[in-house]
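Here's the structure, in structure tokens; my notes come after.
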Amino acid sequence: MIHLSSTPAKIELCHVTHLYVTPTSAFMAVKGIDLRVEEGEFICLVGPSGCGKTTLLSLIAGLERPTAGKVLIDGKEVSGTTRQVGYMLQHDYLFSWRNIEDNVLLGLEIQGIKNAENVEYALYLLEEMGLGEFRKAYPGQLSGGMRQRVALVRTLACQPDVLLLDEPFSALDYQTKLKLEDLIIATLRKHKKTAILVTHDLSEAVAMGDRLFVLERNPGRVRKEVIVPDPIRQALPLHARNEVGFTQLFREVWKEMEGDTVENS
Ligand code: ADP
Ligand code: MG
């Protein structure tokens, strides 16, 4: 991909360093991260536990301000949370006392944008995710995979153009996870969203991502950028796993991760 340097990236991190400071200590979670994400790309962050993946998402979401460096979205410095960025976590955070429809509409309520048009769009997404008939059900009546779909609809209902996904599939059984991977990629492509996914699962990262960043820890840095070749990238994740070159790429990423484990253990 060729980019003109004058075009702002969808997301850009410039020399981002972040320290967590307590009264007695300071810990450098990430150091000197440079990263550029183009509009519509699907990026995966992989790396050992504690290498700063969640920290990076929090910085992009505007939940934390970097100690040094800049985070830009559309060329503008991030200074707090905005509707433009949707953040979805491993735990679905659905409210058990609200039915599915009311859970989905919660984001719109919080953002103060619950109008007829937005409600209609949220309910359309619910249908699209195969949850239309569960509108009046309660979270306790749904499976883990269905609950994560509800959480995704709630996030998408606010029409963010950037989606941050922090291990959203890790609590799901394998088959549910594979189906949800396909559904998410198809939905994000259709709605032309830019996304960053954090995952522990290397096969998921290779199957879903257009590009991968392998991070290392102490301090968190980019160890390697991996560009996923077209045939794997274009296939939906389930089929991507059967594409020629998938296994080799998986091994390459695995080796990068192993390198970190060996050196730091
Ligand atoms: P990852 O998501 O890759 O597992 P995190 O971004 O959660 O890593 O954390 C990176 C490092 O920063 C870890 O060593 C973690 O202990 C530390 N850390 C994360 N959040 C805080 C915090 N609020 N205060 C102090 N240290 C933190
Ligand atoms: Mg994390």
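The values are calculated or read from the model by the stated rules, or taken from the named source; none is laboratory data. Everything numeric in this text was worked out from a predicted model, so none of it was measured. Methodologically, a virtual Cβ is constructed for each residue, glycine included, from the backbone with ideal geometry; neighbour enumeration extends over all protein chains shown. Just the protein is used for accessible areas: all its heavy atoms, side chains included, with ligands, DNA and RNA removed. Shrake-Rupley method; radii C 1.70, N 1.55, O 1.52, S 1.80 Å.
Hey, how many Å between the Cα centroid of region 169-218 and the Cα centroid of region 80-94?
Computed from Cα coordinates, the inter-centre distance equals 16 Å.
With +1 on each Lys and Arg Cβ and -1 on each Asp and Glu Cβ, and nothing else charged, work out how big the dipole of region 91-159 is about its Cα centre, in Debye to the nearest 20.
Working: 7 positive and 9 negative charges, 47 e Å.
The calculation lands at about 220 debye.
For Glu258 and Glu133 in one chain, what is 0.36 nm times their gap in residues minus the Cα-Cα distance, to one decimal in nm?
40.5 nm
Per residue, how much accessible area does the chain have with a 1.4 Å probe, in Å²?
Working: 12930 Å² over 265 residues.
Here the residues of the chain average 49 Å² of exposed surface.
Sorted from largest to smallest, which semi-axis lengths in Å does the alpha carbon gyration tensor of the chain give for its equivalent ellipsoid, taking the root of 5 times each eigenvalue? Write down the numbers at each step before the final one.
Working: eigenvalues 173, 103, 68 Å².
Taking √(5λ) for each eigenvalue gives 29, 23, 18 Å, largest first.
Could you give the alpha-carbon Rg of region 122-265 over 2.2 N^0.38 Å, rounded to two decimals?
Working: Rg = 16.6 Å, N = 144, 2.2 N^0.38 = 14.5 Å.
This ratio for region 122-265 stands at 1.14.
Defining a contact as two alpha carbons under 8 Å apart and six or more residues distant in sequence, what relative contact order in percent does region 91-159 show?
51 percent
Normalised radius of gyration for region 91-159, please: alpha carbon Rg relative to 2.2 N^0.38 Å, two decimal places. Can you show the working numbers first?
Working: Rg = 10.6 Å, N = 69, 2.2 N^0.38 = 11.0 Å.
Dividing the Cα radius of gyration by 2.2 N^0.38 Å gives 0.97.
Can you run phi through the Karplus equation (6.51, -1.76, 1.60; θ = phi - 60°) for region 50-57 and list ³J(HN,Hα) in whole Hz, with x for Gly and Pro?
So the Karplus estimates, Gly and Pro as x, are x, 8, x, 5, 5, 4, 4, 5 Hz.
Which links in Lys179/Lys255; Lys76/Lys179; Lys31/Lys114; Lys10/Lys177; Lys53/Lys136 stretch past 32 Å when you go from one Cα to the other?
Working: Lys179/Lys255 27 Å; Lys76/Lys179 36 Å; Lys31/Lys114 40 Å; Lys10/Lys177 28 Å; Lys53/Lys136 36 Å.
Those over the limit are Lys76/Lys179; Lys31/Lys114; Lys53/Lys136.
Based on the mean of other Cβ atoms within 10 Å per residue, sort peptides 84-92, 168-176 so the most packed one is first. Let's see the in-between values first.
Numbers: 84-92: 18.8, 168-176: 15.9.
Going from most to least packed, we get 84-92, 168-176.
Name the residues whose placed amide hydrogens come within less than 5 Å of the amide hydrogen of Glu41, ignoring near sequence neighbours (fewer than 5 apart) on the same chain.
Residues meeting the criterion, in which the H sits 1.01 Å from N, are Ala195.
For every helix of n ≥ 4 consecutive DSSP H residues, a contribution of -39,500 (n - 2.57) applies; sum these over the chain, divide by its total residues, and give [θ] at 222 nm rounded to the nearest 500 deg cm²/dmol.
-11500 deg cm²/dmol
Size of region 59-125 along its principal axes in angstrom, Cα-based, largest extent first?
Sorted from largest, the Cα extents of region 59-125 read 43, 27, 18 Å.
Which ³J(HN,Hα) values in Hz, rounded to whole numbers, follow from the phi angles of region 62-73 under the Karplus curve 6.51 cos²θ - 1.76 cosθ + 1.60, where θ = phi - 60° and Gly and Pro get x?
Residue by residue, region 62-73 yields x, 7, 10, 9, x, 5, 8, x, 10, 10, 10, 10 Hz.
Taking the C-alpha atoms of region 162-240, how large are the radius of gyration and the largest Cα-Cα span, Dmax, in Å?
That works out to 12.7, 38 Å for Rg and Dmax.
Relative contact order (percent) for the chain, with alpha-carbon contacts under 8 angstrom and 6 or more residues of separation?
Working: 503 pairs, mean separation 63.0, N = 265.
Reported relative contact order: 24 percent.
I'd like the orientation of helix 116-128 relative to the chain: the angle between its Cα long axis and the longest Cα principal axis, in ° from 0 to 90, rounded to 10.
The angle comes out at about 80 degrees.
At a 1.4 Å probe radius, carbon and sulfur cover how many percent of the accessible area of region 23-143? The partial results should precede the final answer.
Numbers: 3060 of 6100 Å².
Reported share for carbon and sulfur atoms: 50 percent.
Loop-only trypsin sites (Lys or Arg not before Pro) in region 59-144, please: DSSP not H, G, I, E or B, and at most 12 other Cβ atoms within 10 Å.
On the way: sites: Lys70, Lys76, Arg83, Arg98, Lys114, Arg135, Lys136; in loops: Arg83, Arg98, Lys114, Arg135, Lys136.
Answer by residue number: Lys136.
Of Ile185, Ile113, Ile232, which is the most mobile in a GNM of the chain whose springs link Cα atoms less than 10 angstrom apart?
Highest fluctuation of the listed residues: Ile113.
Hey, how many Å between the Cα centroid of region 111-152 and the Cα centroid of region 220-235?
32 Å
Quick one: Kirkwood hydrodynamic radius for region 1-87, alpha-carbon pairs, angstrom, one decimal?
13.7 Å
In whole Hz, what ³J(HN,Hα) sequence does region 214-226 give by Karplus (6.51, -1.76, 1.60; θ = phi - 60°), x for Gly and Pro?
Residue by residue, region 214-226 yields 8, 9, 10, 10, 6, x, x, 9, 7, 8, 7, 9, 10 Hz.
Once the Cβ-Cβ distance between Tyr121 and Thr24 is put in as r, and R0 is 51 Å, what FRET efficiency do you end up with, to the nearest 0.05? Please list the in-between numbers first.
Values: r = 48 Å, r/R0 = 0.95.
For R0 = 51 Å, the calculated efficiency reads 0.60.
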